[in-house]
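Take a look at the structure set out below.
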Amino acid sequence: MSVQLAVKDTNAARMLDMPAAKFRALVDAGALPPPVVIGDMKRWRVDQIEAILKGNAALPKEEFEL
């Protein structure tokens, strides 16, 4: 069984139970981590998404409005 290390925005949004547009807006605002770029693809690390859910993610450096 393979484990996904990184996922596209729609799958990352699904992991957080939110629309993909909201996920992208939170990324753009700095509230969620930026993607890793692999060639011409953007992917989000699953361990970073899990850290957010566990409350272990680093807080953003600047204020943002949700």
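The values are calculated or read from the model by the stated rules, or taken from the named source; none is laboratory data. Not measured: the values here are computed from a predicted model. Virtual Cβ from ideal backbone geometry, glycine too; neighbours counted across all protein chains shown. Areas reflect the complete protein model, heavy atoms only, side chains present, ligands, DNA and RNA absent. Shrake-Rupley method; radii C 1.70, N 1.55, O 1.52, S 1.80 Å.
A few comments on the model shown:
- Beta carbons closer than 6 Å, at least 6 apart along the sequence or on distinct chains, pair a first residue in region 3-25 that is on the phi < 0 side of the Ramachandran plot with a second that is open to solvent by less than 50 Å² (accessible area, probe 1.4 Å) and modelled with pLDDT under 95 for Ala12/Ile49; Met15/Ile49.
- Residues of region 17-42 classified as open to solvent by less than 60 Å² (accessible area, probe 1.4 Å) and among the charged types (D, E, K, R), total: 0
- Each residue in region 21-46 was checked for being of a type in the set (Gly, Ala, Ser), touching a Lys or Arg at 6+ places or on another chain (Cβ under 8 Å) and more than 15 Å from Ala57 (Cβ to Cβ), and 0 pass.
- Pair list, Cβ under 6 Å, 6 or more apart: region 31-42 residue closer than 11 Å to Lys8 by Cα, other residue open to solvent by 90 Å² or more (accessible area, probe 1.4 Å) and modelled with pLDDT of 95 or more: Pro35/Lys42
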